[in-house]
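What follows draws every value from the coordinates through simple rules; no lab data is involved. None of the values given here were measured: they were computed from a predicted structure. In this analysis, Cβ positions are derived from the backbone assuming ideal geometry, glycine residues included, and neighbour counts consider all displayed protein chains.
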């Protein structure tokens, strides 16, 4: 719906007076490229990679413990008394549930952290794009691939916006 309204506004602007059309200045930003190419995006990626490694190490240890318990249960199961075997099976099931909860929680935390970091970067990028648009007197700046059927590469402002975004972080 937003895209249709936006496309209608752009079409109306373009078709309006030739004086306005001459002053029309349109550009776009590839937000995915801006996210991954920004210093903040690279730092966020490193932070997430460190968290992933930490969780993966913990998961590997827990998996190994579970494997040992299962192997022990399979090898000794027939030799153990029913009550001892039942206790070991219950212990294994509890540890398996804990492991599954841990991996689910880790995945949710990583996803939440990724979303949080991305949101912060996008908010900063939004401010920079608006500042850039006012400074360079753009009529419209679009996000690439959001309702755009065609965009000439000459209208790509991503690198200029990235430079401004990265330089603003250093201040």
Is it the case that some residue within the range 129-144 is in contact (Cβ under 8 Å) with a residue 40 or more places away in the chain, in a loop (DSSP other than H, G, I, E, B) and within 19 Å of the chain's Cα centre (by Cα)? yes
Quickly run through the range 146-171 and pick out the residues that are surrounded by 12 or more Cβ atoms within 10 Å (Cβ to Cβ) and either assigned to a loop (DSSP other than H, G, I, E, B) or touching a strand residue (DSSP E or B) at 6+ places or on another chain (Cβ under 7 Å) (or both). 147, 148, 151, 155, 156, 157, 158, 161
Name the residue, out of 67, 53, 62, that is farther than 28 Å from residue 165 by Cβ and surrounded by fewer than 13 Cβ atoms within 10 Å (Cβ to Cβ). 67
From the list 101, 134, which one is surrounded by fewer than 12 Cβ atoms within 10 Å (Cβ to Cβ), within 30 Å of residue 24 (Cα to Cα) and out of contact with any strand residue (DSSP E or B) (no Cβ under 8 Å at 6 or more places or on another chain)? 134
Would you call residue 74 more than 24 Å from the chain's Cα centre (by Cα) and at positive phi? no
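Does residue 83 meet the test of being assigned to a helix (DSSP H, G or I) and within 30 Å of residue 117 (Cα to Cα)?
So residue 83 fails the test.
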